[in-house]
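Contents: one structure, followed by commentary.
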Amino acid sequence: MSDIRSTAGDLDVDLGKLFASLARNWLRILVVALVVAALAFMFASMAERHYRAETRLLIETRESIFTRPAPADSDRPILDEEGVASQVEVIGSTDILKKVASQLDLAKLPEFDPSAEMSTISRFLVMTGLKADPSEIPAEERVLKAFREKLNVYRVDRSRVIVIEFSSTDPKLAAAVPNAMADTYLAASREAKLASNLDATDWLEPEIADLDKRVKDAEARVADFRSQSDLLIGQNNAVLATQQLAELSSELSRVRAGRASSEATAESMRKVLQQGGSIDALPEVLSSPLIQRLRERQVQLKADIADLSTTLLGNHPRIRALNSQLADLDVQIRREAQNVLRSVETQAKTAQLRETQITAELNRLKAESARAGEQEVELRALEREAAAQRHLLETYMTRYREAASRQDRNYLPPDARVFSRAVVPSEPYFPKMVPIVGAAFVASLLLMAVGTLLRELFSGRAMRPAPGARFEPVVQVAMPLAAQTAQDDEMADTISEPGTGGSGTETEPTVEAVPLSLVASAAKVTVHTLGEIGVEHAAEKLIASGASRAIFVSPEGDEAAATAVLVARAVADSGLRVLLMDLTASGAASKPMLDSSRYPGITNLLTAQAQFTDVIHTDYYSECHIMPVGTADPARAMRAADRLPIILESLARAYDIVVVECGPSDADDIRRLVGEATEVLLSLLEPEDEVVAAAENLRAGGYHDVILVTPIGSDLPTRPVPGRSVA
């Protein structure tokens, strides 16, 4: 079937013959390649030499930790990636280009002035208005334009290295320009720093004078406010009132502690004396000098009584006198203890009075300290203002001294240095003789080889029949000329099988020796004896046989596909429901019925992109229905070719006859299309060998009742039938 394999698909590329054409034409290919290489050599020899040189700059800070005005806490580069990219633009700026052009006097060189030496072609283009006249452009712009075309400034990736590259026909100029640009850039950077430093000193000088006056005014306001508010400063830089308040608070705490201690002592002594307890347990009593002397006297009397008691009785006057003195001492001791108690009570009262006085003084100092605190807030604000002005003045003065010293000493190194200066190149970078000639030779070889292969391919000499399209040679049998008049009488099998050799292996078939006139007519005789009929007879035969499918094979290509169209229309005109399925690769059967090949069809149905109602259309010229090839990918559709029998079975139930046009197919191709009540028909335009081979192939495949149909005598309509709609 032609939707499975088109007519062009019957041919394969013979790679042996295709590449053999290169061997046959090797001399022509080599000569053309050598000629092109010679032309390239002449061009490279006559071309003007261009030289290229480059200067490399390293962007880095030139300041050391001893001269850097900023804090020397780091030695990192001052320029980041964006800063280095900005310096590339600065180097290629117009100002630097103008300075270098003026320094080297480039305007006098011919290669920087296009109007100096114009070729004849350029002058003609200028005269015709196709090109602007370079002389109308100012000389400075012409020089800058030519300068930029020869200049290339770029940054080396992942580094702070800038390359200044320049090309020229003069090797000395090629080295001088990048060196001059580097020097000019460094000088411009130094001048920019000098200008920035000068601007800084010019701005700082009046600012320092103004700040000096403001600092004096601020400090004067602080002193005036301090004297007016009586905010005397004591120790630890504290206001005197605040300091006194702190000291008095400490004194009050001490007095309160003493009073509490005196009251506690008096209370304990009072309880002991009232209860008649021993006063020896009272520390304050024991610490009294008088009581201590009385205790010593008491101890002495007790000792004397004890001594006398050894010799005298208790009623002895001496012992009684000593006992009387001892009793008086006890009374004196208790009286003296009462005096000590009163002394302690007096101390407590004195401490209480002192506490009262201190409390009053403390309250007064609190009020004064609160007032001083409010005034101190304002004083601190004035002091902060004065301190800020003083700090700013000191900073400005430091910067001014640094800027002035660097300006006086003229020490402002640029943030770049040249670490590789350009040298005069000894060899040109263009033209490169060997690469140009070699590339021209290889390219011409390739182009000539490709051209030779394409010519051989398009001429058809490198094509061979595909394996499935090889037909077995036919042995033509000579027949009488009278046999040419046979017309539809009976089927005659005049095609014999290829002979075999004596060894049993297949040998090449041979053609019997017959006159040339008989060989030319043998094909026609063979075809006629197969039973050739017309379109009307074929339609009647299909209707009479009750066939449900009609498989048309057209070995002669698209022109023979008209037979299936005419037969389908003839059957439809008889009143039967007929559908024509177009399985040709080019849509030869559906185009004359639909006037277009853009309708969805069998390929869309096989790829599940459409349904039956979407792929069945009506013939513009009859009542026949048509299912065209479709618009889907044929290769994808053929992966679902197993669905064709199911589709044909479904169509056979809906239509009386399903006509299938298969194009130049063989018995194997139509096998899956054949079902019950199927007729196989072979379209015939002219009696040729390929028709005979197709008929023999069908017979060998088991289709013995093949009907040969010719459309000769029937014409396809050239316009729609009047009264019918036309798409």
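The values are calculated or read from the model by the stated rules, or taken from the named source; none is laboratory data. The shown structure was predicted, so the numbers you read here are calculated from the model rather than taken from an experiment. Every residue, glycine among them, receives a Cβ derived from its backbone with ideal geometry; neighbour counts consider all protein chains shown. When the accessible area is computed, the model is the full protein with side chains, heavy atoms only, and any ligands, DNA or RNA have been set aside. Shrake-Rupley method; radii C 1.70, N 1.55, O 1.52, S 1.80 Å.
Rolled with a 1.4 Å probe across the full set of protein chains, the surface gives R148 an accessible area near 110 Å². Here's the list of lysines a cross-link from K541 could span, going by alpha-carbon distance under 29 Å and ignoring same-chain residues fewer than 8 apart: K524, K591. Taking every protein chain into account, the accessible area of the stretch 629-677 amounts to 47 square angstrom per residue (probe 1.4 Å). A probe of 1.4 angstrom, applied to the heavy atoms of all protein chains, finds H617 with accessible area near 30 square angstrom. Surface composition of the stretch 349-407: carbon plus sulfur atoms contribute 54% of the solvent-accessible area (1.4 Å probe, protein chains only, all chains present).
Ordering of 583-592, 391-400 by packing is 583-592, 391-400, highest average first (other Cβ atoms within 10 Å, averaged per residue).
Ignoring ligands, DNA and RNA, what percent of the accessible area of the stretch 538-608 is carbon or sulfur (1.4 Å)?
Details: 1070 of 2280 Å².
C and S fraction of accessible area: 47 percent.
For the stretch 243-275, the residues whose backbone nitrogen is under 17 Å from a point 7 Å from the Cα of R342, taken along Cα to Cβ, are 266-267, 269-271, 273-274. Restricting the stretch 581-640 to trypsin sites (Lys or Arg not before Pro) that sit in a DSSP loop and have at most 13 other Cβ atoms within 10 Å of their own Cβ leaves R598, R639. When restricted to Cα atoms, the stretch 547-680 yields an Rg and a Dmax of 13.2, 37 Å, respectively.
Given K216/K366; K98/K150; K98/K193, which pairs have Cα atoms separated by over 26 Å? It would help to have the intermediate numbers written out before the result.
Working: K216/K366 34 Å; K98/K150 15 Å; K98/K193 21 Å.
Too far apart for the 26 Å limit: K216/K366.
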